[in-house]
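Trainee: Just dropping this structure here.
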């Protein structure tokens with residue numbers, strides 16, 4: 001069972017349009033101060049490829065190397081299909097511990113409009129097979145590497161033990177198919193978001209995930225494992241800490257943005273709930289129409305007046321066709337609107353997490369400052385009491401702390417800068433994402449209506465023929 | 001010529017937002033005005049109006065049913081009590097959820113509530129009016145004395161209505177009726193026409209009852225979707241007011257779109273209800289009235305057969321033969337009369353039914369097409385708008401394609 005869905009990063013014409021503006025210069029509608037080596041200037045939907053020896057992961061100083069003026073760009077389009085689970089027959093021992101048994105095929109096409117020799121990938125089109133737990137493993141690695149320095153790492157789809165068990169048992173029914181499709185679509189969106197991020201794309205873990213044929217099993221992603229429990233404990237501890245940190249916000253931008261994201265969170269959750277209710281009601285409508293159609297058909301059979309009998313049967317058919325339409329529309333409601341909103345609710349949580357990281361960094365800086373202060377006082381006392389041997393030790397410690405304080409300040413500034421860029425990129429992405437989804441959704445609504453018109457217009461002469 | 005029309009006054013006009021509509025608690029709070037135009041000399045004036053309540057209609061129906069002379073006629077079914085349960089429930093929910101809604105959302109939901117309330121009024125007026133029109137167009141029933149009183153008597157009718165004894169009598173009548181159902185299946189039918197009609201009506205009744213219930217569920221789902229649209233529209237509105245990016249306009253437009261869609265959805269729901277659900281409901285009741293006619297005839301047949309047996313017994317015993325003969329003659333006459341008028345009634349009933357179905361199905365299909373076209377053009381407009389603000393070329397291409405499709 002291969003289900004292929006093409007998930008482009010945007011209409012083709014848009015790509016060319018943006019590329020041409022790139023040619024004029026890397027400064028494209030960026031809202032913040034740019035360094036000459038600003039990585040984000042041209043990264044809207046394309047991924048800018050720079051020299052692979054650039055180590056951007058852990059540098060906290062000014063970025064090395066110089067961005068070329070017209071950087072080569074490459075569009076990565078991963079497509080995810082669902083592989084049939086005959087993998088189970090092979091890995092019989094591990095089945096018990098396996099919690100993400102579903103396998104997915106990722107077809108990746110790298111398009112490279114400006115031929116470049118500096119390519120991250122060996123091939124243009126290739127595909128790999130990955131398990132659900134691999135995706136989760138990738139996410140946890142990226143989170144541990146990037147979250148604390150301020151990068152918004154896209155959250156991975158959530159686990160569902162119930163759903164998974166059903167699929168594993170091998171039930172080939174409607175709900176387990178839906179579950180698999182939902183998961184597949186969520187994974188595709190997750191991967192697209194990850195590779196759209198210019199920094200994350202270059203991460204070796206991501207590259208390994210995309211390219212290598214065999215991936216080491218991700219062990220720490222099991223829901224009920226010790227690693228899972230540890231994660232939960234850490235999350236709780238974080239939440240408590242957040243409440244106790246009181247930060248003096250000197251930067252109005254951050255305050256405003258935090259408020260903005262709080263509001264957005266609330267509204268999106270509300271909208272998500274309403275859309276879920278809409279999906280439910282439309283499914284109900286579809287069911288009710290189907291049962292009415294059956295009832296009308298039976299009524300038509302009972303009817304002894306021939307023309308009326310035929311009209312009633314036709315009515316039953318129309319209602320049945322429309323019920324199918326409504327069902328499809330409900331699915332569209334779901335996949336376009338509801339899932340998008342769900343994704344963004346989780347993304348906003350990630351964004352808020354990043355703001356929290358900044359607070360933590362600030363806290364660390366403040367802590368080392370306070371320590372320095374104390375040590376200085378201690379040193380003064382020692383000097384007063386004239387204890388030369390201890391004094392030297394104190395002076396050494398002070399030197400260390402001074403460096404720590406400087407480092408803390410640099411960290412804080414770096415994370416603030418990174419967050420500003422990330423938020424800018426995030427907002428741009430959000431706008432684009434919503435717009436393209438809205439258009440797609442409206443098109444489905446329109447198609448549904450067109451079909452309905454056709455069906456009723458076909459019915460009308462039947463009704464008029466009753467005499 | 002005799003023509004009766006019906007009007008009703010809404011109990012509370014809601015001009016200001018802060019007022020909540022007063023929903024009737026009891027059916028006697030709904031006041032009808034019956035307006036009659038006639039050329040018949042049996043009436044005092046050619047044109048006149050009287051105030052009536054729902055209970056008055058029920059009284060009229062019951063007196064007609066209990067009149068022996070009309071046993072061979074299909075008595076038009078009594079109009080059901082005005083049912084404000086739906087809007088009442090909604091108002092309750094609205095009151096509960098007021099705290100969590102924005103002012104706009106609350107206003108819109110109140111509008112929906114008003115629309116539903118109005119729809120119930122429309123429905124109830126329609127169904128009471130049809131009752132009167134059936135009576136006025138029936139050659140025998142429109143001459144009924146009680147019907148004239150109903151139309152003409154300008155005082156309150158409650159003194160003439162059922163007292164406790166009569167109500168008990170009504171209950172007894174219902175018990176007898178269920179015994180009739182057993183009777184009707186047991187009696188051997190002599191006439192092919194009636195045999196066919198019996199089979200047909202029994203079967204059709206159960207099917208139409210089922211269809212009515214399913215149609216009601218469909219209408220409910222439509223209404224639920226309209227409510228969801230309101231909430232979505234309101235949240236989109238809040239999002240757009242908070243937003244400062246390029247999304248702002250799109251969100252505003254989406255909010256507008258859902259607002260317009262919910263109005264259409266609401267109208268679809270009420271149209272479907274009036275044309276389809278109400279049609280099915282009415283004919284369900286009408287078929288019950290036809291079945292009642294069959295029961296009465298079956299009872300007359302049973303009486304006739306019993307009188308035959310009594311006559312045979314009398315002949316055997318050589319006692320009371322003349323009374324038995326006369327009784328048998330009476331039963332036969334009654335039975336024949338019922339059969340004759342019954343046949344006429346049932347035939348015209350079929351014609352009436354076919355005409356009504358045709359009219360309503362055509363109207364419903366036309367309305368569905370109209371609504372779908374309205375929805376289409378709304379959606380098309382919004383698609384074009386959202387796309388045209390930026391990528392003109394791309395948008396123009398899509399617009400052209402979609403316009404061609406319509």
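The values are calculated or read from the model by the stated rules, or taken from the named source; none is laboratory data. Only a predicted model underlies this, so the values are computations on that prediction, with no experimental measurement involved. Methodologically, a virtual Cβ is constructed for each residue, glycine included, from the backbone with ideal geometry; neighbour enumeration extends over all protein chains shown.
Trainee: Name the single residue that is surrounded by the most Cβ atoms within 10 Å (Cβ to Cβ) among those in segment A:289-321 being more than 9 Å from chain B (Cβ to nearest Cβ) and within 45 Å of the chain's Cα centre (by Cα).
Mentor: A:316
Trainee: Could you list, in sequence order, all residues of segment B:215-235 that are more than 7 Å from chain A (Cβ to nearest Cβ) and either over 30 Å from residue A:298 (Cα atoms) or at pLDDT below 85 (or both)?
Mentor: If the condition is that a residue be more than 7 Å from chain A (Cβ to nearest Cβ) and either over 30 Å from residue A:298 (Cα atoms) or at pLDDT below 85 (or both), then B:227, B:229, B:230, B:233, B:234 are the ones that fit.
Trainee: Which numbered condition trips up residue B:108, out of (1) touching a helix residue (DSSP H, G or I) at 6+ places or on another chain (Cβ under 6 Å); (2) at pLDDT below 85; (3) under 30 Å from residue B:343 (Cα atoms); (4) part of a helix (DSSP H, G or I)?
Mentor: Of everything listed in (1) touching a helix residue (DSSP H, G or I) at 6+ places or on another chain (Cβ under 6 Å); (2) at pLDDT below 85; (3) under 30 Å from residue B:343 (Cα atoms); (4) part of a helix (DSSP H, G or I), residue B:108 misses just condition (3).
Trainee: Give all pairs with beta carbons closer than 8 Å in which a residue from segment B:203-214 that is touching a residue at least 40 places away in the same chain (Cβ under 8 Å) and more than 8 Å from every other protein chain (Cβ to nearest Cβ) meets a residue that is surrounded by 19 or more Cβ atoms within 10 Å (Cβ to Cβ) and in a helix (DSSP H, G or I); count only pairs at least 6 apart in sequence or on separate chains.
Mentor: B:205/B:284; B:205/B:287; B:205/B:291; B:209/B:284; B:212/B:277; B:212/B:280; B:212/B:281; B:212/B:284
Trainee: Being under 20 Å from residue B:104 (Cβ atoms) and either within 8 Å of chain A (Cβ to nearest Cβ) or under 34 Å from the mean Cα position of the chain (by Cα) (or both) is the requirement here; does residue B:285 meet it?
Mentor: no
Trainee: If you don't mind, there's one more thing I want to ask. Look at residue B:65 and say whether it is over 20 Å from residue B:274 (Cα atoms) and assigned to a helix (DSSP H, G or I).
Mentor: Yes; evaluated as a whole, the condition is true for this residue.
Trainee: Still on this structure, I have one more. For segment B:55-73, check the following and say yes or no: at least one residue is under 23 Å from residue B:231 (Cβ atoms), over 21 Å from the mean Cα position of the chain (by Cα), surrounded by fewer than 19 Cβ atoms within 10 Å (Cβ to Cβ) and not assigned by the TED database to the domain that holds residue B:341.
Mentor: no
Trainee: Does segment B:379-389 include one or more residues that are touching a helix residue (DSSP H, G or I) at 6+ places or on another chain (Cβ under 8 Å), part of a loop (DSSP other than H, G, I, E, B), at negative phi and within 14 Å of chain A (Cβ to nearest Cβ)?
Mentor: yes
Trainee: Further, regarding this structure: For segment A:445-454, give me each residue that is more than 8 Å from chain B (Cβ to nearest Cβ) and surrounded by 19 or more Cβ atoms within 10 Å (Cβ to Cβ).
Mentor: If the condition is that a residue be more than 8 Å from chain B (Cβ to nearest Cβ) and surrounded by 19 or more Cβ atoms within 10 Å (Cβ to Cβ), then A:448 is the only one that fits.
Trainee: Let me ask another. Is it the case that some residue within segment B:351-358 is within 8 Å of chain A (Cβ to nearest Cβ), modelled with pLDDT under 90 and either within 30 Å of residue A:440 (Cβ to Cβ) or within 34 Å of the chain's Cα centre (by Cα) (or both)?
Mentor: no
Trainee: Okay, next question. What is the residue count in segment B:302-353 for residues that are in contact (Cβ under 8 Å) with a residue 40 or more places away in the chain and surrounded by fewer than 14 Cβ atoms within 10 Å (Cβ to Cβ)?
Mentor: Count: 1.
Trainee: Based on what the data block shows, is residue A:396 more than 9 Å from every other protein chain (Cβ to nearest Cβ), buried (at least 18 other Cβ atoms within 10 Å of the Cβ) and more than 30 Å from residue A:247 (Cβ to Cβ)?
Mentor: No; evaluated as a whole, the condition is false for this residue.
Here's the yes/no breakdown for (1) touching a helix residue (DSSP H, G or I) at 6+ places or on another chain (Cβ under 9 Å); (2) within 25 Å of residue B:351 (Cα to Cα):
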{"site": "B:45", "(1), (2)": "yes, no"}
{"site": "B:56", "(1), (2)": "yes, no"}
{"site": "B:66", "(1), (2)": "yes, no"}
{"site": "B:69", "(1), (2)": "no, yes"}
{"site": "B:74", "(1), (2)": "yes, yes"}
{"site": "B:77", "(1), (2)": "yes, yes"}
{"site": "B:82", "(1), (2)": "yes, no"}
{"site": "B:86", "(1), (2)": "yes, no"}
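Trainee: Looking for something under 20 Å from the mean Cα position of the chain (by Cα), at pLDDT below 75 and not in a helix (DSSP H, G or I) - is there at least one such residue anywhere in segment A:158-170?
Mentor: For segment A:158-170, residues under 20 Å from the mean Cα position of the chain (by Cα), at pLDDT below 75 and not in a helix (DSSP H, G or I): present.
Residue by residue, here is whether (1) assigned to a helix (DSSP H, G or I); (2) within 30 Å of residue B:198 (Cβ to Cβ); (3) at pLDDT 85 or above holds:
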{"position": "A:311", "(1), (2), (3)": "yes, yes, yes"}
{"position": "A:316", "(1), (2), (3)": "yes, yes, yes"}
{"position": "A:329", "(1), (2), (3)": "yes, no, yes"}
{"position": "A:363", "(1), (2), (3)": "yes, no, yes"}
{"position": "A:375", "(1), (2), (3)": "yes, no, yes"}
{"position": "A:382", "(1), (2), (3)": "yes, no, no"}
{"position": "A:393", "(1), (2), (3)": "yes, no, no"}
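Trainee: In this structure, does residue B:267 turn out to be in contact with a helix residue (DSSP H, G or I) (Cβ under 6 Å, 6 or more places away or on another chain) and in the same structural domain as residue B:358 (by the TED database)?
Mentor: The answer is no for residue B:267.
Trainee: Quick one: residue B:240 ticks every box in (1) buried (at least 22 other Cβ atoms within 10 Å of the Cβ); (2) closer than 14 Å to residue A:271 by Cα bar one, so which box is it?
Mentor: Of the numbered conditions (1) buried (at least 22 other Cβ atoms within 10 Å of the Cβ); (2) closer than 14 Å to residue A:271 by Cα, the odd one out for residue B:240 is (1).
Trainee: Let me confirm something: among A:328, A:333, which residue is closer than 17 Å to residue A:452 by Cβ and surrounded by fewer than 17 Cβ atoms within 10 Å (Cβ to Cβ)?
Mentor: Exactly one of A:328, A:333 is closer than 17 Å to residue A:452 by Cβ and surrounded by fewer than 17 Cβ atoms within 10 Å (Cβ to Cβ), namely A:328.
Trainee: On to the next question. With respect to the numbered conditions (1) more than 30 Å from residue B:362 (Cβ to Cβ); (2) surrounded by 18 or more Cβ atoms within 10 Å (Cβ to Cβ); (3) out of contact with any helix residue (DSSP H, G or I) (no Cβ under 6 Å at 6 or more places or on another chain); (4) without any contact (Cβ under 8 Å) to a residue 40 or more places away in the chain, which one is the sole condition not fulfilled by residue A:403?
Mentor: Here residue A:403 meets the rest and fails (2).
Trainee: Related question: Just checking, does segment A:362-376 include any residue being touching a residue at least 60 places away in the same chain (Cβ under 8 Å) and crowded, with 19+ Cβ neighbours inside 10 Å?
Mentor: Among the residues of segment A:362-376, at least one is touching a residue at least 60 places away in the same chain (Cβ under 8 Å) and crowded, with 19+ Cβ neighbours inside 10 Å, which makes the answer yes.
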